[in-house]
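Report on the structure given below.
Any read-out appearing in this document is the output of simple, stated calculations on the displayed coordinates, not a laboratory observation. Worth saying up front: this structure is predicted, and the values here are computed from it rather than measured. Positions of Cβ are generated from backbone atoms using ideal geometry, with glycine treated the same way; all protein chains shown enter the neighbour counts.
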Amino acid sequence: MLHLMSILLLLWKLKKSKSCVGISCRMQECYAIVFCLRYLDLFYQFISVYNTAMKVVFISSTFYLIFLMRFQPPVSATYDRTADSFPYEQYLLGPAAVLGFISAEEWSIPEIFWTASIWLESVSILPQLILLQQLREVENLTAEFVATMGAYRFFYILNWIYRYFAEGYVNWIGWLGGIVQTGLYVDFFYYYAMSKWYGQKLVLP
Amino acid sequence: DEGGAEHDEL
């Protein structure tokens with residue numbers, strides 16, 4: 001739900017402020033790739049209505065966000081591709097594909113794609129965090145959006161702890177990816193929490 | 001886990 005909330009928060013921000021200054025479209029592109037790699041089973045496997053519905057929502061909303069930021073005025077007029085410049089193609093996609101192949105539980109396309117999507121998701125926030133570091137001042141809604149993006153994976157970790165003790169569920173790849181992903185947020189969370197605590201605007205060093 | 005890894009999470 002936190003992940004869904006982060007997407008809805010971003011949609012609301014774009015619609016309300018008609019600006020995507022401070023928002024990384026490259027991060028959304030990474031998430032679109034994550035979802036396409038991971039949700040291929042939409043075509044051949046049914047787990048539950050909830051599972052299918054959320055997959056469709058995540059894929060469609062992420063592509064809609066990219067469309068808004070890249071091609072739909074007035075939002076796209078505020079998008080600066082030179083500022084949002086993290087070269088994720090070689091820095092993130094390459095390693096995720098290699099790691100996905102090496103660490104896949106079995107060498108089948110769905111499993112390799114699933115594993116690569118876990119590694120890619122764990123670092124997909126980097127373009128967004130790097131863009132914020134360049135801008136330093138973080139607008140309120142953006143701060144909330146990034147905070148929910150960091151929080152959702154932390155709640156997966158809590159669920160994984162529960163599932164490990166309740167049903168012996170083991171998911172090494174997901175666990176490692178989740179720890180890396182949450183770890184990348186820790187310093188942002190610190191500055192976010194401080195700005196909330198002291199009621200000041202969020203400014204990154 | 002049975003056969004191919006069953007991924008029931010989003």
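The helix-based estimate of mean residue ellipticity at 222 nm for chain A, built from -39,500 (n - 2.57) per DSSP H run of four or more residues and divided by its residue count, is -23500 deg cm²/dmol to the nearest 500.
Can you list the trypsin sites (Lys or Arg not before Pro) in segment A:42-132 that are in a DSSP coil and have 11 or fewer other beta carbons within 10 angstrom? Qualifying residues, ordered by number: A:ARG81. Remark: chain A projects, on average over all directions, an area of 12.2 nm² (convex hull of Cα atoms). Return the loop-located chymotrypsin sites (Phe, Trp or Tyr not before Pro) in segment A:156-205 (DSSP other than H, G, I, E, B) with at most 16 other Cβ atoms within 10 Å of their own Cβ; answer none if there are none. Counting only loop positions with at most 16 other Cβ atoms within 10 Å, the chymotrypsin sites (Phe, Trp or Tyr not before Pro) in segment A:156-205 are A:TYR169, A:TYR198. If R₀ is 35 angstrom, what is the calculated FRET efficiency for the pair A:THR78 and A:PHE165, using the beta carbon separation as r and rounding to 0.05? So, using R0 = 35 Å, E works out to roughly 0.15. When the alpha carbon gyration tensor of segment A:52-112 is reduced to an equivalent ellipsoid, the three semi-axes, largest first, read 30, 19, 6 Å. Among the listed pairs A:LYS18/A:LYS201; A:LYS15/A:LYS201; A:LYS55/A:LYS196, those whose Cα-Cα separation exceeds 25 Å are A:LYS55/A:LYS196.
Within segment A:97-139, the GluC sites (Glu not before Pro) that combine a DSSP coil assignment with at most 16 other C-beta atoms in a 10 angstrom radius are A:GLU105, A:GLU106. Placing a pseudo-label 7 Å from each Cα along the Cα-to-Cβ vector at A:LEU11 and A:PHE63 gives an inter-label distance of 1.5 nm. Across chain A, the mean sequence separation of Cα contacts (distance under 8 Å, 6 or more residues apart), normalised by length, yields a relative contact order of 28 percent. Can you give me the span-like helices of chain A, meaning DSSP H runs with 30 Å or more of Cα extent along the axis and Kyte-Doolittle mean at or above 0.5? Result, helices passing both filters: A:49-71. Magnitude of the charge dipole for segment A:70-154, about its Cα centre and with charges confined to Cβ atoms of Lys, Arg (+1) and Asp, Glu (-1), is about 200 debye. Each of A:LEU68, A:TRP119, A:GLY94 was scored by the projection of its Cα onto the charge dipole of segment A:1-125, and the greatest displacement toward the positive side belongs to A:LEU68; charges sit on the C-beta of Lys, Arg, Asp and Glu. Counting only Cβ charges, +1 for Lys and Arg and -1 for Asp and Glu, the dipole size of segment A:118-205 around its Cα centre is about 100 debye. Charging the Cβ of each Asp and Glu at -1 and of each Lys and Arg at +1, and nothing else, the dipole of chain A about its Cα centre rounds to 720 debye. Comparing A:LEU4, A:ALA83, A:THR182 along the charge dipole axis of the protein assembly as shown, the residue lying farthest to the positive side is A:ALA83, per the Cβ-charge model.
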